[in-house]
Amino acid sequence: MFLGLDLSTQQLKGVTVNEKLDIVQEVVVDFEKDFPSYKTTKGVYKDGHEVVAPVPMWLDALDLLCVRLTKVMDVSKIQGICGAGQQHAGVFWLQGAEQALGSLETSSTLQSQLEKYLYPRSPNWQDATTSRECREMEAVVGGAGILADITGSRAHLRFTGPQIKRFRRLHPDIYEKTERIGLASSFLMSVLLQREAPLEISDVCGMNLWDIRNERFEPRLLDDVAGPFKGSDLAQKLGPVEMNGAKHLGGIGSYFTKKYGFSPQCQILPITGDNPATLLSLPLRPGKDVLLSLGTSTTALMATSNYVCSPDYHMFGHPTVTNDYMVMLCYKNGSLARENIRNSINEKYQVPDKNSWDLFNKFTLTERPKTGTLPDQKVGLYYPLREIIPAVGPGVWRYNIRNSKLEPITETSESWTIPDDDARAIVESQFLDIRDRITPLLTDVSRPQRVYVVGGASRNEAIVQMISEILGCDVYRLKQGASNACAIGGAVKAAYAMNAQKLSFDDFVLKSWDEEKKVELVKSKPEKSVYDTFGKLMPYLEQAQEIAIHQTAE
């Protein structure tokens, strides 16, 4: 049995799989529901552009998850634990942390014993407070394109490097006393191992600090982030990076064996980021298949053997395949932006179930483009949070397309019914943008061969239909655990690390993979004319985005 964990923004999940990679158990801890005393909203605290999560809550969640696991299974049968942490989330361990981790007592909780050795807040991926730091980090290496070439990404507000630099600037005394700076992934490993754990080869690429091709921290970036404390000091705080994704890091700590009954032989494997773990949940063909994670944010993932960087997307080291990479497009305004429109629709029509998607879906599938033509259409951009790709917002922009031109509208325009028409417009604009950006990354095909959808919105049939028509491909969904892809990918990684050292990861998964049992075809690819019709909207979407970018430039 193998356990995959997923420390996400709103929940801590645990999924166990067997040797055939079949799901055996799924356990969830919901931060807002299970820990109301922390008073988070969807797992975080928001204050303007600042978005942070309470780290002590994660410790409480790990204890509670273990309790719930013991109620549904014999945890002594778990051979290996891997998983995922929300990417970019920096964790600051203070002086004395290593000793405290090594001396945990079962008579107390993790939170009560470790809280004082942790800075209590971790920046969340939604945070947008580091514009200054991003500009400075790009400048120190010669621009956004050069930084992307070195680290796989241009400087991004949520990335850990800019966040560390801001933390050092605002809290120099605490920074100086910081013993180790980790990520949510290495935080989980450290607690489970009861010692400070290394960073992981894929997740470290989300820091804007790691030189991917030379496999080292870039000295100029370390010096810039550390400021008066010197880059060498920051390198020591960051610690080593584990290059082997299947490395056995050691047995689970005695706190967990004595308190919950885990076997001392249960191995902890390198826990990765949530997006790399999602990549591992399905057998993606490099350059041909795309995985869409439709969670709080929307993420498009592809595997590739080619290191081709751009400021418009992200490259990460592959979490299991040496010298391969993961391409990622990440959008802040995913399901949260759609939920805002759903809520407005339900409020307008006084729908008793405020969480119902029925009317949103109905409006999404009305007024479809006519095959082969471009009648008067609408383009809408919806960014309640400042977006990552493109760098725009916050704000809402609505346009009609009249006589091949964009015509801005206001809330009183009769040609646009608010919020009814917003449902179709947001789904179109979100997935047309993905289509525009992934097409150049495909290999030997003009459109994806398959798109796999995971995450909460993968169960929304209207959204899935739109994905199929806009991207022009077959859409598949996991039969089990579609909402738990990160944890499943972690469990698959654990199974691989414990059993298949002589096989490549792809060979191991294909050997164990039963497609008919694992996935279902939910939408077949549309006629080419439908795909082409949506393509005619692309220039207008790009034009609308340019206007919005100009109006919200920082």
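The values are calculated or read from the model by the stated rules, or taken from the named source; none is laboratory data. All values reported here derive from a predicted model rather than from experimental measurement. All Cβ positions, glycine included, derive from the backbone under ideal geometry; neighbour counts span all protein chains shown. These accessible areas exclude ligands, DNA and RNA; they are computed on the full protein's heavy atoms, side chains included. Shrake-Rupley method; radii C 1.70, N 1.55, O 1.52, S 1.80 Å.
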Given charges of +1 on the Cβ of Lys and Arg and -1 on the Cβ of Asp and Glu, with all other atoms neutral, how large is the dipole of the chain about its Cα centre, in debye to the nearest 20?
420 debye
Work through the residues other than Ser335 whose Cβ is under 13 Å from its Cβ and net out their charges, Lys, Arg +1 and Asp, Glu -1.
+4
Descending Cα extents along the principal axes, region 404-511, whole Å:
64, 31, 18
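Rolling a 1.4 angstrom probe over the protein heavy atoms, how many square angstrom per residue are accessible across region 2-270? Provide the component values of the computation, followed by the final result.
Working: 9710 Å² over 269 residues.
On a per-residue basis, 36 Å².
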Could you give me the percent of Cα pairs per 20 Å distance bin for the chain, shortest bin first, beginning at zero and ending with the bin that holds the maximum distance?
22, 56, 21, 1
Distance cut-off 26 Å, Cα to Cα: go down the list Lys288/Lys518; Lys288/Lys479; Lys354/Lys517 and report the pairs above it.
Lys354/Lys517
Please report the accessible area of Ser305 (heavy atoms, 1.4 Å probe, ligands and nucleic acids excluded) in Å², nearest 10.
70 Å²
Geometric extent, Cα atoms of region 83-201 - Rg, Dmax (angstrom)
15.7, 54
Pairwise centroid distance, computed over Cα atoms, of region 498-542 with region 401-439, Å:
27 Å
Rounded to the nearest whole Å³, what is the per residue volume of the convex hull around the Cα atoms of region 448-507?
86 Å³
With each label point set 7 Å from Cα along the Cα-Cβ vector, what nm distance links Gln543 and Ser356?
3.9 nm
Packing-based order for 415-422, 350-357, using average beta carbon neighbours within 10 Å, highest first:
415-422, 350-357
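Ordered by packing density, taken as the mean number of other Cβ atoms within 10 Å over each peptide's residues, highest first, how do 79-92, 456-469 rank? Provide the component values of the computation, followed by the final result.
Working: 79-92: 27.4, 456-469: 20.6.
The densest-packed peptide leads the list: 79-92, 456-469.
Under the definition of Cα pairs under 8 Å and six or more residues apart, what whole-number percent is the relative contact order of region 2-270?
For region 2-270, the relative contact order is 20 percent.
At a 1.4 Å probe radius, carbon and sulfur cover how many percent of the accessible area of the chain?
On the way: 9920 of 21170 Å².
Answer for the chain is 47 percent, counting heavy atoms of protein chains only.
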Cα Rg, Dmax, region 267-339, angstrom units
12.8, 40
Taking all protein chains together and a probe of 1.4 Å, list Ser190, Ser504 from the most accessible to the least accessible.
Ser504, Ser190
Which of the peptides 396-402, 31-37 is most tightly packed, and how do the rest follow, judged by the mean count of other Cβ atoms within 10 Å per residue?
396-402, 31-37
According to a simple spin-label model (label point 7 Å from Cα along Cα-to-Cβ), what is the distance in nm between Glu414 and Leu170?
5.0 nm
Report, please, the projected area of region 2-270 averaged over directions, based on the convex hull of its C-alpha atoms, in nm².
13.8 nm²
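Suppose the chain between Ser37 and Leu94 were pulled fully straight at 0.36 nm per residue; how much longer would it get relative to their current alpha carbon spacing? Before the final figure, lay out each step's value.
On the way: separation 57, 0.36 × 57 = 20.52 nm, distance 2.43 nm.
Working it through step by step, the gained length comes to 18.1 nm.
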Quick check: the distance between the Cα centres of region 452-488 and region 289-343, to the nearest angstrom?
14 Å
For Phe262, the residues 5 or more places away or on another chain with a placed amide H closer than 5 Å to its own amide H are Thr257
Which whole-Hz couplings ³J(HN,Hα) result when phi for each residue of region 432-446 is put into the Karplus expression 6.51 cos²θ - 1.76 cosθ + 1.60, θ = phi - 60°, listed in order with x for Gly and Pro?
5, 5, 4, 4, 4, 8, 8, 4, x, 8, 6, 10, 6, 9, 8
Show His248, His314 ordered by accessible area, largest first, where the area counts protein heavy atoms only and the probe is 1.4 Å.
His248, His314
With unit charges on the beta carbons (Lys and Arg positive, Asp and Glu negative) and the dipole taken about the Cα centre of the chain, which residue among Gly80, Val475, Ser112 sits farthest to the positive side?
Gly80
For Lys77, give me every one of the aspartates and glutamates with a C-alpha distance below 16 angstrom, ignoring sequence neighbours fewer than eight places off in its own chain.
Glu19, Asp22, Glu26
If the only charges are +1 at each Lys and Arg Cβ and -1 at each Asp and Glu Cβ, what is the size of the charge dipole of region 2-270 around the Cα centre, to the nearest 20 debye?
220 debye
Heavy-atom accessible area of Lys20, protein chains in place, probe 1.4 angstrom, given in Å² to nearest 10, is 140 Å²
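As a test of the formula, what do you get for the chain when each DSSP H run with n ≥ 4 contributes -39,500 (n - 2.57) and the sum is divided by the residue count, at 222 nm and rounded to the nearest 500 deg cm²/dmol?
Values: 22 runs with 207 residues, N = 554.
Calculated from helices alone, the mean residue ellipticity at 222 nm is -10500 deg cm²/dmol.
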